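Accompanying notes for the structure given below.
The values are calculated or read from the model by the stated rules, or taken from the named source; none is laboratory data. None of these values were measured; they are calculated from a predicted model. Don't worry about glycine lacking a Cβ; one is built from the backbone with ideal geometry, like all the others, and counts go over all protein chains shown. Note: accessible area is taken over every heavy atom of the protein model, side chains too, but ligands, DNA and RNA are not part of it. Shrake-Rupley method; radii C 1.70, N 1.55, O 1.52, S 1.80 Å.
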Amino acid sequence: MSLPRRLAQRAVHAAWRFAERAGEVVPGSPLADRFGSFGPGSCIGFPPATLLNVHAVHLGRDVLVGRQATLAAGYGEGDHRLGDRALVLGDGCVLGAGTTITAHERIELGAHVYAGQGVFITDASHGYQDPDTPIGRQFGRHEPVVVGAGTWLGHGAVVLPGARIGRNVVVAAGAVVRGTVPDHAVVAGNPARVVRRLEPGLGWVSQGGDVRPLAPFADPV
């Protein structure tokens, strides 16, 4: 690589690092002030993909949101149908780059929910019953979503309207979750199903009876 190109590349990378630092949404920044609440120690990486109707979005303490993430409330800017707490992220949540959460009525993530990259969570889908109307213009029901404290959502997982995921659950990469998932379970597949559960006094038991003992270093949330 020629010297001029090396210098140009170094300058571009330095400028990008500066933009990333300067563009972060952190407490006290103008954009953070527009949120319903934005807890101490929280940060949204730059650049975000979409931040929509953030007055209805609440972040607890020490929430970290990766770059190119979407935190959206409602169907469009100024949606008058929104409640004031459409999207709530509990203390210590960590959302990977490219995560998308679209809340139309209510999505709540408990404390210390971790999500890998490209996770998608929504509380509304599209209808299809009218054969003469484009699917994109048919809105489905709003069904609130709850993700329990301490849960891990693997890379590319999808959480559909009405899902109620328990506490300290593992959602495998690429799983598609709807319905209710009990506490202390591992789910995988499309649709997601329980493949392993915690049995007190025994360990983590698979559907086939395989047992994985409790880890001695476990630090329950």
* Take the residues of the stretch 12-45 that are out of contact with any strand residue (DSSP E or B) (no Cβ under 9 Å at 6 or more places or on another chain) and among the acidic types (Asp, Glu): which is modelled with the highest pLDDT? -> Asp33
* **Residue list for the stretch 192-221, restricted to those being open to solvent by less than 80 Å² (accessible area, probe 1.4 Å), assigned to a loop (DSSP other than H, G, I, E, B) and modelled with pLDDT of 85 or more** => Ala192
* Asked: open to solvent by 70 Å² or more (accessible area, probe 1.4 Å) and either assigned to a loop (DSSP other than H, G, I, E, B) or at pLDDT 95 or above (or both), is that true of Asp84?
  -> yes
* Asked: Regarding Asp183, is this residue in a loop (DSSP other than H, G, I, E, B), charged (D, E, K, R), surrounded by fewer than 17 Cβ atoms within 10 Å (Cβ to Cβ) and modelled with pLDDT under 95?
  -> no
* Structure fact -> the stretch 113-163: strands (runs of 3 or more DSSP E) wholly inside it with 3 or more residues that are basic (Lys, Arg), within 16 Å of Val94 (Cβ to Cβ) and at pLDDT 90 or above are none
* For the stretch 15-33, name all the residues that are more than 20 Å from the chain's Cα centre (by Cα) and over 18 Å from Val94 (Cβ atoms). => Ala15, Trp16, Arg17, Phe18, Ala19, Arg21, Ala22, Gly23, Gly28, Ser29, Pro30, Asp33
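Name the single residue, out of those in the stretch 97-111 being buried (at least 21 other Cβ atoms within 10 Å of the Cβ) and not β-branched (Val, Ile, Thr), that is farthest from His142 (Cα to Cα).
Gly110
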* 2 or more residues in contact with a Ser or Thr (Cβ under 7 Å, 6 or more places away or on another chain): qualifying strands (runs of 3 or more DSSP E) within the stretch 1-76 -> 57-59, 70-73
* Asked: Can you find a residue in the stretch 132-144 that is of a type in the set (Asp, Glu), on the phi < 0 side of the Ramachandran plot and surrounded by 15 or more Cβ atoms within 10 Å (Cβ to Cβ)?
  -> yes
* Hey, could you check the stretch 54-81 for residues that are touching an Asp or Glu at 6+ places or on another chain (Cβ under 7 Å) and farther than 21 Å from Gly118 by Cα and say which is least open to solvent (accessible area, probe 1.4 Å)? => Ala56
